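Only one structure is covered here, and it is reproduced in the block below.
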Amino acid sequence: MAAVRRSLVSIAFVVGLPAILVLAWALATQDSTNLYFPPPSRVLDAFVTTWLSPDTLKDDVLPSLSRFAIGVLLSIVIGIVAGTAIGATPWLRALLEPMLEFFRAIPPVVLVPVLMLVLGIDDSMKLAVIVSGSVWPVLLNTIEGVRGTDPVLVDTSRSYRVRGVLAYRYVVLPAASPQIMAGIRLCLSIGLILMVISEMFASSSGLGYQIVFFQRQYMVAEMWSGILLLGLIGVLVAAVFQLVERRVLHWYHGSREVARG
Amino acid sequence: MNRRPALVAALVATLTLGLAACSSDSPSQSPTTAGADATTAPADDGDTAPQAVTIGALTISETAPLWAAVEAGIFTEHGLDVTVQPIQGGAQAMPALINGDIDFSIGQPFGAMRASLQGLDVKIIANYAQSLTEGDDINSVVVGAGSAITSPADLAGKKVSVNSIGAAGDLTIRAAVEADGGDPSSIEFVEVAFPDAQAQLDAGNIDAAWVPEPFVSIIVGAGGARVVDPYQATLPGLPTLVVQTTGKTVTDDPELVDAVRDALTEAFAWAAENDDAVRQSLVDEMKLPEPAAANLRFPTFSTELDVDVLQGLSDLAVQYEYFDKAPDLDTLIVE
């Protein structure tokens with residue numbers, strides 16, 4: 001009984017604020033004739049007709065999402081591999097770190113015209129925009145995480161002859177994984193933003209393109225529905241991330257709870 | 001070995017302090033600008049003082065006669081104290097127009113039609129600029145050097161760039177291609193900003209580009225070629241820019257609308273006589289190099305609306321399913 005009540009309460013907490021916000025929005029726009037602030041029912045209508053039609057799913061939503069997935073996966077792989085190498089090699093770190101900070105500070109948006117020239121105007125340019133922005137949190141966190149591995153742990157494993165690939169797999173990467181996962185969480189949200197931005201240039205399809213298109217066509221409810229879709233994708237991605245994180249870092253959360261307890 | 005991180009830390013700390021100092025400066029500046037706005041805004045008191053009017057206009061060469069005429073005091077003679085507010089595009093200007101942040105906006109007629117179809121209270125009160133009915137037009141579909149595309153029909157199945165899809169550019173290109181016997185539905189349009197078009201043509205990422213002056217001259221001068229002037233080919237003399245305001249302004253203050261229209265008519269007559277002053281404003285307001293400003297091709301400036309051509313544009317938009325239904329031009333246009 002108590003368990004049922006507890007889960008009901010937690011569900012109420014999850015949906016409570018969104019429900020209140022939608023209600024407030026509905027009340028505020030009840031007799032709104034302002035085109036720019038349509039009532040939620042109108043946006044929901046637009047959402048169903050715009051984004052759930054097979055054509056837009058096939059031409060705009062799925063290509064965007066696959067670019068997002070590929071871009072983020074590339075960022076994670078590049079970030080972890082390069083980050084481990086840089087973090088484990090002091091001279092490489094000293095050589096590269098100032099330059100990494102330099103490139104990290106460049107907003108990917110200003111690189112778009114350059115990338116358009118170098119890579120053309122197809123998917124590779126859009127992927128490059130996504131990777132050029134979302135690789136940094138993973139890369140820099142991996143460097144920090146690998147560098148911060150407990151020296152006692154490293155010495156101990158070395159004296160047990162745990163070396164090379166084995167040491168990376170069972171000592172260094174697990175020790176760095178809390179930091180790496182924090183980097184990936186950032187990478188996901190930056191990747192989503194850049195997915196939208198990459199489609200605002202030299203494009204004729206995609207989620208980001210459609211939102212800008214609707215805005216220019218004064219189809220405001222459709223525009224809001226696109227923004228709503230982006231937010232929902234963000235929530236979904238965060239939920240998936242949390243599931244993965246709990247599996248990967250279960251030992252870490254466990255050890256912290258023990259430490260706290 | 002241990003000293004280097006300390007040095008880096010010191011450097012970072014200095015930078016951070018510097019940035020913090022910068023950011024703490026900015027809030028102290030904003031109240032002064034806000035104050036300046038507040039003093040200029042409520043100025044429509046009394047009949048003797050000139051009435052404050054804000055006109056939104058794109059930072060493009062077509063705005064030159066407006067800047068020059070404001071500078072020369074043409075609008076003051078009509079009792080108007082005009083501020084020209086730079087805008088980013090027609091769709092961005094519309095909320096500002098509806099909110100009353102700007103009183104009039106100069107934008108494309110196609111955008112105004114689209115906005116009125118979506119239920120926005122927008123009116124076209126005068127023409128501003130129109131494409132040329134003969135000779136080389138002010139915008140054109142161009143190709144790079146050595147392209148095999150020579151006629152509009154050749155554009156079928158090709159990648160053509162426009163600055164924004166779903167507007168008069170791609171619509172008239174479709175019509176021109178179909179009139180020449182090509183299949184308009186096979187053209188693949190992509191959005192490329194006008195200044196980037198030449199580089200994308202050279203790189204082979206696009207097959208043709210629709211650009212206005214001065215980019216047409218630049219690309220043709222570099223060995224490229226004109227394929228078709230889509231405005232002139234489909235709707236000769238199509239207005240490129242019109243003066244828009246809200247229906248509320250038209251009902252509440254018809255004298256203001258008349259005054260703006262009259263002042264603009266006089267401004268264009270003055271601009272035709274004072275070409276040097278107009279071109280000087282290109283240098284002053286757009287930082288255009290002087291030789292470029294001297295040779296730039298201008299459209300025809302006039303407040304006379306050609307309703308038949310606008311009707312043609314609207315029909316074309318319905319025919320190619322850009323609009324679900326035709327906009328009611330009788331209510332949209334106020335003359």
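Partner chain Cβ atoms within 10 Å, averaged over the residues of A:113-121 - can you pull that number for me?
Shielding by partners across A:113-121 averages 4.
Between B:D258, B:D324, B:D229, find the one with the highest GNM mean-square fluctuation for chain B; connect C-alpha pairs within less than 10 Å.
Sorting by GNM fluctuation, first place goes to B:D324.
Taking a ≥ b ≥ c as the square roots of the eigenvalues of the Cα gyration tensor of segment B:139-234, is the shape rounded (a/c under 1.5), prolate (a/b larger than b/c) or oblate?
It is rounded, given that a/c, with a ≥ b ≥ c, falls under 1.5.
Taking amide H atoms as placed 1.01 Å from N in the peptide plane, list the residues 5 or more away in sequence, or in a different chain, whose amide H sits under 5 Å from that of B:T83.
B:V53, B:T54, B:I55
For segment A:3-54, which chymotrypsin sites (Phe, Trp or Tyr not before Pro) pass both filters: DSSP loop (anything but H, G, I, E, B) and at most 16 other C-beta atoms within 10 Å?
Those satisfying the criteria are A:Y36.
Holding the Cα-Cα limit at 30 Å, pick out from B:K158/B:K287; A:K126/B:K325; B:K123/B:K159; A:K58/B:K158; A:K126/B:K158; B:K248/B:K325 the pairs that are longer than that.
B:K158/B:K287; A:K126/B:K325; B:K123/B:K159
Report the net charge of residues surrounding A:V138, where surrounding means a beta-carbon distance below 13 angstrom and charges are Lys +1, Arg +1, Asp -1, Glu -1.
Here the count lands on +1.
Taking the Cα centre as origin and putting +1 on Lys and Arg beta-carbons and -1 on Asp and Glu beta-carbons, what dipole magnitude results for the protein assembly as shown, to the nearest 20 debye?
5520 debye
So which residue, out of A:A182, A:A28, A:A85, gets the largest mean-square fluctuation from a GNM of chain A using Cα contacts under 10 Å as springs?
A:A28
So for chain B, averaging the separation of alpha carbon pairs under 8 Å that are six or more residues apart and normalising by length, what relative contact order in percent results?
25 percent
From the Cα gyration tensor of the protein assembly as shown, with a ≥ b ≥ c the square roots of its eigenvalues, which class applies: rounded if a/c is under 1.5, or else prolate if a/b is larger than b/c, or else oblate?
In terms of gyration-tensor shape, prolate.
Report the antiparallel proportion of the DSSP beta bridges in segment B:139-234 as a percent, rounded to a multiple of 5.
Expressed as a percentage, antiparallel bridges in segment B:139-234 total about 55.
Return the whole-Å distance between the Cα centroid of segment A:24-44 and the Cα centroid of segment B:171-205.
38 Å
Please report, ordered by residue number, every helix of chain A (full DSSP H runs) that is 30 Å or longer along its axis going by C-alpha atoms and whose mean Kyte-Doolittle hydropathy reaches 0.0.
Going by DSSP H runs, the hits are A:2-28, A:62-88, A:123-147, A:173-198, A:220-248.
Rounded if a/c is under 1.5, else prolate if a/b is larger than b/c, else oblate: which is segment A:37-260, with a ≥ b ≥ c the root eigenvalues of its Cα gyration tensor?
prolate
If you average the alpha carbon positions of segment B:128-170 and of segment B:81-97, how far apart do those two centres end up, in angstrom?
About 27 Å separates the Cα centre of segment B:128-170 from the one of segment B:81-97.
If you build a Gaussian network model of chain A, linking Cα atoms that sit under 10 Å apart, which residue out of A:T84, A:T33, A:T142 swings the most?
A:T33
Report, by chain and number, residues whose modeled amide H sits under 5 Å from the one on B:K158, excluding near sequence neighbours (fewer than 5 apart, same chain).
Amide H to amide H, under 5 Å and 5 or more residues apart or across chains, B:K158 pairs with B:E188.
Only counting other Cβ atoms within 10 Å, I'd like A:H253, B:H78 sorted with the fewest neighbours first.
A:H253, B:H78
So what is the relative contact order of segment B:149-224, in percent, for Cα pairs below 8 Å that sit 6 or more residues apart?
In percent, rounded to a whole number, it is 38.
For each of A:L65, A:L23, A:L127, count neighbouring Cβ atoms within 10 Å of the residue's Cβ, then give the residues from fewest to most.
A:L23, A:L65, A:L127
Rounded to the nearest 20 debye, what is the charge dipole size of segment A:37-260 about its Cα centre when +1 sits on each Lys and Arg Cβ and -1 on each Asp and Glu Cβ?
That gives a dipole near 800 debye.
I need the trypsin sites (Lys or Arg not before Pro) found in segment B:275-335, filtered to DSSP loop residues with at most 10 other beta carbons within 10 Å of theirs.
The qualifying sites are B:K287, B:K325.
For segment B:243-299 and segment A:122-156, compute the distance between their C-alpha centroids and round to whole Å.
54 Å
Counting only other chains, what is the mean number of Cβ atoms within 10 angstrom of the Cβ of each residue in peptide A:206-218?
4
Among A:I197, A:L127, A:V220, whose Cα sits farthest toward the positive end of the charge dipole of the protein assembly as shown (+1 at Cβ of Lys/Arg, -1 at Cβ of Asp/Glu, about the Cα centre)?
A:L127
Rule-based calculations on the coordinates, nothing more; no lab input. Worth saying up front: this structure is predicted, and the values here are computed from it rather than measured. Note that each Cβ is placed from the backbone with ideal geometry, even for glycine, and that neighbours are counted across all protein chains shown.
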